[in-house]
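Derivation of every value follows stated rules applied to the coordinates shown; laboratory data play no part. This structure is a prediction, so every number in the text was calculated from the model and none was measured. Reconstructed Cβ throughout: ideal geometry from the backbone, glycine too, with neighbour counts over all protein chains shown.
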Amino acid sequence: MSKQLTIDDARQSLSVHLAAKGIEVHQKYGRVGWLQLLRLLQDRSCVRYPCEIKFDAEPLLPGEFGHPIAKGQTPEEGFTLYVHPFFATRLERVPLLALYQLVLVNYGDFVSADDAETFGSQALGLSKDEYYHAVCDLADQLHETCPTNSDFCSVRAK
C-alpha cells in the first residue's frame, strides 16, 4: 500500500528544494550584491519569471519593505518587485530584501516566511538565524526612519 502524501510532506519537500536552489544561487553568484542581483533577476534557472525592481512605496502596505506584484494575469508576464524607496540609497542591502521576496515570484502564495528565510540564507551563504536578524534589522531601520505618516515614506493602506 502506498503512502498518501500530506501537505506537511509537500512543505518539507519544498523547504529542501528551496535550500538547494539557494545554494545554487550562492555557488553561481557568490556574494550577491546589487550588480549580481540584477544579473540574477535575468537568470531563468534561478528566477522563474521576468522580474524587475522598482523603488516605490505606493503599492506597499504600511511598514512593508518590499513585495512582488504580478504585471498581468499569468506569471509569464512577469513581476515588479517593489522595494521601499528608503533602500534606494542602500543598494548593497537590497539583495537581502529581494531574495526574501523572490520565493513568492518563483513559487507563489504557497511559500511561507520560513521558506523565504531558507532560500535567502542559503543564497547569501549565511545561517538562517543570521539572515533572519539581518532582514529584521533592515525592516526596523525602515520603521524607525520612515513613520507611515511621513511624506517621503508614505505608503498606501490596502
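Miscellaneous remarks
- The ellipsoid equivalent to the alpha-carbon distribution of the chain has semi-axes of 27, 18, 16 angstrom, derived from the gyration tensor eigenvalues as √(5λ) and listed largest first.
- With Cα atoms defining each centre, region 118-136 and region 9-76 are spaced 14 Å apart in the structure.
- Estimated from the Cβ-Cβ distance and a Förster radius of 30 angstrom, the FRET efficiency linking Asp129 and Glu24 is about 0.90.
- FRET efficiency, Asp140 to Arg39 (Cβ-Cβ, R0 30 Å, nearest 0.05): 0.55
- Residue of Gly30, Gly72, Gly120 that the Gaussian network model of the chain assigns the largest fluctuation, springs spanning Cα pairs under 10 Å: Gly72
- Nonlocal amide H pairs with Phe55, under 5 Å, H built at 1.01 Å: Val83
- The 3J(HN,Hα) values that the Karplus relation (6.51, -1.76, 1.60; θ = phi - 60°) gives for region 69-79 are, in residue order, 10, 5, 7, x, 7, 10, x, 4, 6, x, 9 Hz. Gly and Pro appear as x.
- ³J(HN,Hα) computed for each position of region 42-54 - Karplus, 6.51 cos²θ - 1.76 cosθ + 1.60, integer Hz, glycine/proline x: 8, 8, 5, 7, 10, 10, 4, 10, x, 8, 10, 9, 9
- ³J(HN,Hα) computed for each position of region 85-100 - Karplus, 6.51 cos²θ - 1.76 cosθ + 1.60, integer Hz, glycine/proline x: x, 3, 8, 5, 9, 10, 4, 5, 9, 4, x, 4, 6, 5, 4, 4
- Exposure proxy shown here: for Phe86, Phe79, Phe119, the number of other Cβ atoms within 10 Å sets the order, fewest to most, as Phe86, Phe79, Phe119.
- With 0.36 nm allotted per residue and the present C-alpha distance subtracted, the Thr74-Ser112 stretch has 11.6 nm of extension available.
- Relative to the Cα centre, the charge distribution of the chain, modelled as +1 at Lys and Arg Cβ and -1 at Asp and Glu Cβ, gives a dipole magnitude of about 460 debye.
- Available extension along the chain between Gln4 and Arg48 is 13.0 nm, counting 0.36 nm per residue and deducting the alpha carbon span.
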